[in-house]
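The values are calculated or read from the model by the stated rules, or taken from the named source; none is laboratory data. Because the structure is predicted, anything quoted here is derived from the model rather than measured. Methodologically, a virtual Cβ is constructed for each residue, glycine included, from the backbone with ideal geometry; neighbour enumeration extends over all protein chains shown. The protein model used for the area step is the full one, side chains on, heavy atoms only, and it has no ligands, DNA or RNA in it. Shrake-Rupley method; radii C 1.70, N 1.55, O 1.52, S 1.80 Å.
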Amino acid sequence: MPVFVEFPDGECREVPSQLRAMQQSIGLGEFEQVPLNCDPVWKYECAGTGWIAVLRKGQLLPLRPQAPAWWQFVKLMLDPERRSTNDTPVEEVGESRLQSAA
């Protein structure tokens, strides 16, 4: 459900939003429509009864894991293009290498 936000050039645009419980509400079930701050260029602030867009300062960086995940060390779980050519699984080689347990 979108909400209208006024941008610095005077244009009002629809922005994705969510319903959030009101902070000051004493009654039951009072909600307000709040824009999602998911735009990398703009953040949205309340101005009276409406919303305005403000240019973000700084830089947003995507979250990256600090260390490689445990599964990145298991060769079978790698993407096919990242596997080396000599690391073919047993099923691809053929049944001649399989031995029965009996």
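A few notes on this one:
- When the range 46-79 is limited to residues that are under 19 Å from the mean Cα position of the chain (by Cα) and of a type in the set (S, T, N, Q), the one that is least open to solvent (accessible area, probe 1.4 Å) turns out to be Gln59.
- Positions within the range 11-56 being modelled with pLDDT of 90 or more and in a loop (DSSP other than H, G, I, E, B), in sequence order: Glu11, Leu36
- Residue in the range 17-31 that is open to solvent by 80 Å² or more (accessible area, probe 1.4 Å) and touching a Phe, Trp or Tyr at 6+ places or on another chain (Cβ under 6 Å) present: yes
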